[in-house]
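The structure appears right after this line, and notes come after that.
Readers should treat all values here as calculations from the given coordinates under stated rules, not as data from a laboratory. Since this is a predicted model, take the numbers as computed values, not measurements. With ideal geometry, Cβ positions are generated from the backbone for all residues, glycine too; neighbour counts draw on all protein chains shown.
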Amino acid sequence: MAVHGGLLRLETAGDGEAVDLTEGVRSIVRAGGVERGAVVVFARGSTVAVTTMEYEPGGIADLAELLERLAPRTGEYEHNRRNADTNAHAHLRAALIGPSETVPIVDGELVLGTWQQLVLLDFDDRPRRREVVVQVLS
């Protein structure tokens with residue numbers, strides 16, 4: 001098995017900002033010339049997640065509303081009490097969605113649905129520098 005990869009570096013505002021990673025991942029896949037395989041997209045950090053979804057304002061707003069119901073920003077959290085912190089909700093949201101996605105590669109292209117993109121979600125309560133590790137397996 002051959003492996004090549006790349007790193008996507010981003011500046012995010014936090015607070016649930018969503019960033020479309022699809023083109024960045026696509027460019028790393030194409031640079032390796034892989035025809036068949038898989039790509040793993042992994043975000044480093046415990047308050048950030050990667051998922052696939054339709055990257056459009058309505059879907060982003062609906063996901064944010066769902067996550068606010070599941071892990072409210074203003075909740076009473078042990079993490080915040082123990083650490084004099086304010087981002088427990090961000091850790092919980094990231095844990096629910098997860099840090100990575102794996103996408104098949106067929107004929108040199110990501111196998112995504114018509115309305116499906118790879119999306120980074122930064123849940124921290126402050127701006128952050130984020131790194132996304134992209135590993136292409138063939």
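Worth a mention:
- Residue-count net charge about Val39 - beta-carbon cut-off 15 Å; Lys, Arg +1, Asp, Glu -1: -2
- Placing a pseudo-label 7 Å from each Cα along the Cα-to-Cβ vector at Glu54 and Arg126 gives an inter-label distance of 3.7 nm.
- The stretch between Ala95 and Glu23 holds 23.4 nm of extra length on full extension. This uses 0.36 nm per residue minus the Cα-Cα distance.
- Given R0 = 30 Å, the distance between the Cβ atoms of Val111 and Glu11 translates into a calculated FRET efficiency of 0.55.
- Under 11 Å, Cβ to Cβ, from Val134 - net charge with Lys/Arg +1 and Asp/Glu -1: -1
- The convex hull drawn around the Cα atoms of the chain, when projected onto a plane and averaged over every direction, covers 8.6 nm².
- In degrees, nearest ten, helix 88-97 long axis to first principal axis of the chain (Cα): 30 degrees
- GNM top mover of Leu112, Leu66, Leu21 - the chain, alpha-carbon springs below 10 Å: Leu66
- Separation of the range 86-105 from the range 18-61 is 13 Å, based on Cα centroids.
- Contour minus Cα-Cα distance for Gln135 and Asn83 (0.36 nm per residue): 15.3 nm
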